[in-house]
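A.B. asks: Pasting in a structure now, in structure tokens, and then I'll have a few things to ask.
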Amino acid sequence: MVVDTQKLKGKIVERGTTQEGVAKVCGIYRTTFYRKMKNGGKDFTVGEIQSMIEGIPLTKEEAIDIFLN
């Protein structure tokens, strides 16, 4: 699975949060989050993705567009 990291970054900004804030919601270090984003998001776990969907928050359509492209 490859995450559309550009769309994800856009939604993070659009919702008024930061990548650091999303990392915190996911329960991972900021540096780990950045590394996973740089790697195309393919290392995110299902739990981390669920945390992002709830924490950013994303609609079902946005989540599908970002995580199931």
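The values are calculated or read from the model by the stated rules, or taken from the named source; none is laboratory data. Keep in mind that this is a model prediction, so the values were computed, not measured. FYI the Cβ positions are ideal-geometry reconstructions off the backbone, even for glycines, and counts take in every protein chain you see. Ligands, DNA and RNA are stripped out before the accessible areas are found, and what is left, the full protein with its side chains, is counted by its heavy atoms. Shrake-Rupley method; radii C 1.70, N 1.55, O 1.52, S 1.80 Å.
A.B. asks: Tell me which residues, restricted to the stretch 59-69, are hydrophobic (A, V, I, L, M, F, W, C) and open to solvent by 20 Å² or more (accessible area, probe 1.4 Å). Talk me through it step by step, then tell me what you get.
C.D. replies: From the stretch 59-69, those hydrophobic (A, V, I, L, M, F, W, C) are 63-64, 66-68; that's our starting set.
Correct list: Ile64, Leu68.
A.B. asks: From the list Gly10, Gly40, which residue is surrounded by fewer than 14 Cβ atoms within 10 Å (Cβ to Cβ), in contact (Cβ under 8 Å) with a residue 12 or more places away in the chain, within 13 Å of Ile66 (Cβ to Cβ) and out of contact with any Leu (no Cβ under 6 Å at 6 or more places or on another chain)?
C.D. replies: Values: Gly10 fails: in contact (Cβ under 8 Å) with a residue 12 or more places away in the chain.
That would be Gly40, the only listed residue that is surrounded by fewer than 14 Cβ atoms within 10 Å (Cβ to Cβ), in contact (Cβ under 8 Å) with a residue 12 or more places away in the chain, within 13 Å of Ile66 (Cβ to Cβ) and out of contact with any Leu (no Cβ under 6 Å at 6 or more places or on another chain).
A.B. asks: Further, regarding this structure: State all residues of the stretch 1-49 that are hydroxyl-bearing (Ser, Thr, Tyr) and part of a helix (DSSP H, G or I); if no residue qualifies, say none.
C.D. replies: Looking only at the stretch 1-49, we keep the residues that are hydroxyl-bearing (Ser, Thr, Tyr), and these are 5, 17-18, 29, 31-32, 34, 45.
Listed by number, the residues that qualify are Thr5, Thr31, Thr32, Tyr34.
A.B. asks: Between Gly27, Gly16, which is touching a Gly at 6+ places or on another chain (Cβ under 9 Å) and open to solvent by 40 Å² or more (accessible area, probe 1.4 Å)?
C.D. replies: Selected residue: Gly27, the only one of Gly27, Gly16 that is touching a Gly at 6+ places or on another chain (Cβ under 9 Å) and open to solvent by 40 Å² or more (accessible area, probe 1.4 Å).
A.B. asks: Then there's this: Give all pairs with beta carbons closer than 7 Å in which a residue from the stretch 50-69 that is within 15 Å of Lys24 (Cβ to Cβ) and in a loop (DSSP other than H, G, I, E, B) meets a residue that is among the polar types (S, T, N, Q) and modelled with pLDDT under 95; count only pairs at least 6 apart in sequence or on separate chains.
C.D. replies: Short answer, once both residue conditions are applied: none.
A.B. asks: Surrounded by 14 or more Cβ atoms within 10 Å (Cβ to Cβ) and without any contact (Cβ under 8 Å) to a residue 60 or more places away in the chain: does that describe Val22? Give the derivation first.
C.D. replies: Details: surrounded by 14 or more Cβ atoms within 10 Å (Cβ to Cβ): yes; without any contact (Cβ under 8 Å) to a residue 60 or more places away in the chain: yes.
When the stated conditions are applied, Val22 passes them.
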